[in-house]
Amino acid sequence: MSDALAANDISDFDFLRSYCLTHGRRIFFDQGEKFTEACDFVVGKIAIAYKNDKYCKENNLTPAE
């Protein structure tokens, strides 16, 4: 996963590319039947980021907080 900056393109490699967390999560979620343990781990970590983001928004926290 990376930002969409052209300088970060490494198209020499064969992999699935994602430019945002939501799409990155979907890739792991979709592969869950093949790689259950690894994908569940990653999706769980992304869930923590979503939970923290929601908490910060609900409590009007500043970037510094």
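All of the numbers you see were taken from the coordinates with simple rules; none came from a lab. Computed from a prediction, not measured in an experiment: that's the story for all the values here. A quick note on method: Cβ atoms are made from the backbone with ideal geometry, for glycine too, and the neighbour counts reach across all protein chains shown.
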What ranking do 55-62, 31-38, 42-49, 20-27 get when scored by the average of other Cβ atoms within 10 Å per residue, highest first?
20-27, 42-49, 31-38, 55-62
The summed charge of the Phe29 Cβ neighbourhood (under 15 Å; Lys/Arg +1, Asp/Glu -1) stands at 0
